[in-house]
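As structure tokens, the structure follows; a few thoughts come after it.
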Amino acid sequence: MLRYFLARLATFVPTFLGVTLISFAFIRVLPGDPIIVMAGERGLSEERYQALRDQYGFNDPLLVQFWNYLTGVMQGDLGQSFVTKKPVWDEFFALFPATLELSICAIIIAILLGLPAGVIAAVYRGKLFDRALMSTALVGYSMPIFWWALLLIIVFSGNLGWTPVSGRIDLLYYFDNVTGFMLIDSALSGQDGAFWSAIRHLILPSIVLATIPLAVIARQTRSAMLEVLSEDYIRTARAKGLPPARVNGLHALRNAMIPVITVIGLSVGTLLAGAILTETIFSWPGIGKWMVDSIFRRDYPVVQGGLLLIAVLVMLVNLTVDLLYGLINPKIRKR
Amino acid sequence: MKIKHLMATCGMLGLLAGAASAQTLVYCSEGSPEGFDPSLYTSGTTFDASSHPIYNRLVEFKTGTTEVVPGLAESWDVSEDGKTVTFNLRKGVKFHSNDQFTPGRDFNADDVIFSFERQGEESNPYFDYAGSYEYFNAMSMPDLIESVEKVDDYTVKFNLTRPEAPFLANLAMDFASIQSKEYADAMQEAGTPEMLNQAPIGTGPFTFVAYQKDAVIRYAKNADYWKEGLPKVDNLVFAITPDASVRYQKLNAGECHVMPYPNPADVDAMKADENINVLEQEGLNVGYLAYNTTMAPFDNPKVRKALNMAIDKQAIIDVVFQGSGQIAKNPIPPTMWSYNDAVEDDAYDPEAAKAMLEEAGVSDLSMKIWAMPVQRPYNPNARRMAELMQEDFSKIGVDVEIVSYEWGEYLERSKEMDRDGAVLLGWTGDNGDPDNFLAVLLGCDAVGGSNRAQWCHEPFDEVVQKAKVISDQAERTKLYEEAQVIFKEQAPWATIAHSVVFMPVRPEVENYVVHPLGGHIFTEVGLAE
């Protein structure tokens, strides 16, 4: 198992370097000079322009700029935002807990609903439930997030008044950020109703963000289960008289989990993409919105630093998924 | 969260402010501020969160107008040659305090000198502490201000290199907000100068309490504010809500009291809703199409005029602005003093336009129209606008190709002298002075820069330059009125539209005034019980 782990870890280094280069190159390939974008219609004089280019180091050759960036990254320095002048690192970690909290809630919803739904659909293949579920999943998968989010807001917040429209907590609650996770901080604050308010604010954005992964997980579970259910050992298990719940739940599901876990791991990328839209609609102060704003402002350090951190996170999740395979299926780690 | 519920239970914030029944005004702002030192930035979103609630200036714009009124200066004198302006400062004005700083003295001349020196003098430790002072530079302050002198603790003298009438209005702008020198020195000593931009200290109506990026900004009433009885509410909260439809839902659900920038398509529904009052005012801006007047055949005023007559502006207002705009006939908006209402717009008349082109000896004309890639209040959809013009021009036999570039590139390329095509662009006023439109956008000095028509017409330039150095407003008005007549005859632009700003507020909001310079100001706003 240790060798397997180290082998996986070794692939990390080249990927990391590649990501560093791509994140550096990506924003520079986009047309648009950050200084001119900042100046807008008002414009600025040639002297000012050159002075600012010098200040930001844009007059250095690209290789020098990349080298400076890379050495900074190695020392844990991702640079400062052009706009706010705060370290990228600080900004990222101030906003990231909000995205993480939302993503965790979304993935929990997706797994809790998606797995059983997929299993039931597989067991009752071709029946009404199966058909209804699979068409719903297809709709969920193809739903435009922006539209879906607005629809939920208009119905549940606007018309019914059940949930708040946007934000993370009622504005009347005001306490220090200890962990950055609103559910934990609100509970720690000891203020009456704060925790409940945080939960209410999480409901709609989590549902919206969970929609696509939920559909994907349900479909994937169903097809993996169908495959496993036709295997000989399942027939054997049934033949020796095991109760159906044990056959489906233990023997079949455990073997069907491998592709499902892959899909869950891959959904992390989807979640981050979905978070951009979800965060914008629900005024959720996370990294998705931060990245988009930075791209429009051509805030180079934030875009390259943010991309790098997100990529590292996705890599970590994939590493974890690889390790989980090993745990679930001993055959893999021996390969 | 319903506001009633908020008001009933908002004891906590109220106790902080020391009020018995605290009132909290919630503003659903459209974005996060870039920082809280207004001199470093140029965007309205940042000014709303910094210069208006937290700071004051020597002189201020009276809310709802472009009139300059006393601020931290009680009065001022302009010397006869117009090159010296002396300000008498207000006494007993207190700066805010926070965890790290408690002011040891009242506001005085040192604060004024510091606030300007840091933007102009490289030797000042705050000259580049967090970026550069773009607005100070864009308003040509480094060339204009020779020195700022302290006469005594409550008198400050600005020596200028030339007489300049708009100077006073410039000092009412956000970049001229007054900082505490004492605070700056303390932070410099502590090695944290960036606190000026992150934990702001000013003299304004509200003190800064906390900011969570992309989520919320909290302010509390400045109990020592120098204007008696203001501000009216105890707490001010900005709930940052980037999406316009969501802002509307929040206003509807009572989660905020005031929202800016509604979708034009929602305005009718808002007007019909008894829970929402829609305030409106013309914006201080203009959207235009600038011909390149150095290139044939657009160097001929007749050709430009003919094209102007071919544009159906009403259709543009209906389709592109969806009613949130009005036809522009002058290069300055109607809310600005010296607006010449006697000027007659070129009537929409494709037949006459066609004849005029023929008269000018132009046939088979094909041209380019540049469409901006971004939305602006003065032009919510440049692409659509260009398409409408393309259709209009085809009716008089002019073939149009629409081009566009990435925004930064668009701004740069459109300045080029030999640019091919007419450019859609616009301008939002900085200081309410006509010079800020007429000289900045149409003066000879601005050719190759913000004068996208590359139009240098001596009779016009002479009048505008003359008006710039006179301080008598009646005389200036006459000159600017004349300039607008010359502009119309020469037609370097097709003036298209001024936007109309809509501001939906809850019915309990009292005294909110739409500010023509674009800021959202809550000093005088109250909430009905």
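Test B:Tyr405 against the stated conditions and say whether it is open to solvent by 40 Å² or more (accessible area, probe 1.4 Å), within 14 Å of chain A (Cβ to nearest Cβ) and of a type in the set (Ser, Thr, Tyr). Yes; evaluated as a whole, the condition is true for this residue. Among the residues that make up the stretch B:477-491, is at least one of them open to solvent by less than 20 Å² (accessible area, probe 1.4 Å) and among the polar types (S, T, N, Q)? There is at least one residue in the stretch B:477-491 that is open to solvent by less than 20 Å² (accessible area, probe 1.4 Å) and among the polar types (S, T, N, Q).
Restrict the check to the stretch A:233-251 and report whether at least one residue is within 14 Å of chain B (Cβ to nearest Cβ) and assigned to a helix (DSSP H, G or I).
Let us first name the residues in the stretch A:233-251 that are within 14 Å of chain B (Cβ to nearest Cβ), namely none.
There is no residue in the stretch A:233-251 that is within 14 Å of chain B (Cβ to nearest Cβ) and assigned to a helix (DSSP H, G or I).
Within the stretch B:191-244, restricting attention to residues that are open to solvent by 30 Å² or more (accessible area, probe 1.4 Å) and within 9 Å of chain A (Cβ to nearest Cβ), the residue that is farthest from B:Tyr27 (Cα to Cα) is B:Glu194.
Just one of A:Leu2, A:Leu63, A:Leu44, A:Leu95 is modelled with pLDDT of 85 or more and over 30 Å from A:Ile212 (Cα atoms); which is it? Quick ask: steps written out before the conclusion?
Numbers: A:Leu2 fails: modelled with pLDDT of 85 or more; A:Leu44 fails: modelled with pLDDT of 85 or more; A:Leu95 fails: over 30 Å from A:Ile212 (Cα atoms).
Result: A:Leu63 is the single residue among A:Leu2, A:Leu63, A:Leu44, A:Leu95 that is modelled with pLDDT of 85 or more and over 30 Å from A:Ile212 (Cα atoms).
Step by step: first the residues of the stretch A:8-40, then only those that are away from chain B (no Cβ under 14 Å) and within 18 Å of A:Asp293 (Cβ to Cβ), then the one that is surrounded by the fewest Cβ atoms within 10 Å (Cβ to Cβ). Which residue is that?
From the stretch A:8-40, those away from chain B (no Cβ under 14 Å) are A:8-26; that's our starting set.
Next, only the ones that are within 18 Å of A:Asp293 (Cβ to Cβ) stay: A:23, A:26.
Working: A:Ser23: 20, A:Phe26: 14.
Here the answer is A:Phe26.
When B:Glu134 is tested against (1) among the charged types (D, E, K, R); (2) within 25 Å of the chain's Cα centre (by Cα); (3) modelled with pLDDT of 95 or more, just one condition goes unmet, and that condition is (3). Pairing residues of the stretch B:287-298 that are outside any loop (DSSP other than H, G, I, E, B) with residues that are open to solvent by 20 Å² or more (accessible area, probe 1.4 Å), at Cβ distances under 8 Å and at least 6 apart in sequence or on separate chains, gives B:Gly287/B:Arg376. Pairs linking a residue in the stretch A:282-311 that is free of Cβ contacts under 8 Å to residues at least 24 places away in the same chain to a residue that is open to solvent by 10 Å² or more (accessible area, probe 1.4 Å) and not polar (S, T, N, Q), with Cβ atoms under 6 Å and 6 or more positions apart or on different chains, are A:Val292/A:Ile276.
Among the residues of the stretch B:502-529, the ones that are closer than 14 Å to B:Glu280 by Cα, open to solvent by 20 Å² or more (accessible area, probe 1.4 Å) and small (Gly, Ala, Ser) come to 1 in all. Within the stretch B:32-51, residues that are within 17 Å of A:Ala39 (Cα to Cα) and more than 8 Å from chain A (Cβ to nearest Cβ) reach partners that are in a loop (DSSP other than H, G, I, E, B) and open to solvent by 20 Å² or more (accessible area, probe 1.4 Å) with beta carbons closer than 7 Å, at six or more positions or on different chains, in the pairs B:Tyr41/B:Glu34; B:Ser43/B:Glu34; B:Gly44/B:Gly518; B:Thr45/B:Glu30; B:Thr46/B:Glu34.
Among the residues of the stretch B:381-395, count how many are among the small types (Gly, Ala, Ser) and surrounded by 18 or more Cβ atoms within 10 Å (Cβ to Cβ).
Initial filter on the stretch B:381-395 (among the small types (Gly, Ala, Ser)): B:382, B:386, B:394.
Then keep just the ones that are surrounded by 18 or more Cβ atoms within 10 Å (Cβ to Cβ); that gives B:382, B:386.
Residues meeting the conditions: 2.
A:Gly190 falls short on exactly one of the conditions (1) more than 11 Å from chain B (Cβ to nearest Cβ); (2) open to solvent by 50 Å² or more (accessible area, probe 1.4 Å); (3) in contact (Cβ under 8 Å) with a residue 40 or more places away in the chain, and that condition is (3). For B:Gln249, the conditions (1) more than 11 Å from chain A (Cβ to nearest Cβ); (2) over 20 Å from B:Phe208 (Cβ atoms); (3) open to solvent by 10 Å² or more (accessible area, probe 1.4 Å); (4) over 25 Å from the mean Cα position of the chain (by Cα) are fulfilled apart from (1). Within the stretch B:427-439, restricting attention to residues that are at pLDDT below 90 and at the interface with chain A (Cβ under 9 Å from one of its Cβ atoms), the residue that is most open to solvent (accessible area, probe 1.4 Å) is B:Thr428.
Can you pull out the residues in the stretch A:264-308 that are surrounded by fewer than 21 Cβ atoms within 10 Å (Cβ to Cβ), at pLDDT 85 or above and more than 14 Å from chain B (Cβ to nearest Cβ)? Across the stretch A:264-308, the qualifying residue is only A:Leu307. Screening the stretch A:123-146 for residues that are of a type in the set (Lys, Arg) and either assigned to a loop (DSSP other than H, G, I, E, B) or surrounded by 14 or more Cβ atoms within 10 Å (Cβ to Cβ) (or both) and picking the one that is nearest to the other protein chains (Cβ to nearest Cβ) gives A:Lys127.
When A:Ala218, A:Ala149 are screened for being small (Gly, Ala, Ser) and either more than 11 Å from chain B (Cβ to nearest Cβ) or in contact with a strand residue (DSSP E or B) (Cβ under 6 Å, 6 or more places away or on another chain) (or both), only A:Ala218 passes.
Away from every other protein chain (no Cβ under 14 Å), in a helix (DSSP H, G or I) and either polar (S, T, N, Q) or out of contact with any Lys or Arg (no Cβ under 9 Å at 6 or more places or on another chain) (or both) - does that describe any residue in the stretch B:447-456? No, because not a single residue in the stretch B:447-456 is away from every other protein chain (no Cβ under 14 Å), in a helix (DSSP H, G or I) and either polar (S, T, N, Q) or out of contact with any Lys or Arg (no Cβ under 9 Å at 6 or more places or on another chain) (or both).
The values are calculated or read from the model by the stated rules, or taken from the named source; none is laboratory data. Since we're looking at a predicted model, the values are computed, not measured. Every residue, glycine as well, gets a Cβ built from its backbone with ideal geometry; the counts of neighbours run over all protein chains shown. Note: areas computed on protein heavy atoms with side chains; ligands, DNA, RNA excluded. Shrake-Rupley method; radii C 1.70, N 1.55, O 1.52, S 1.80 Å.
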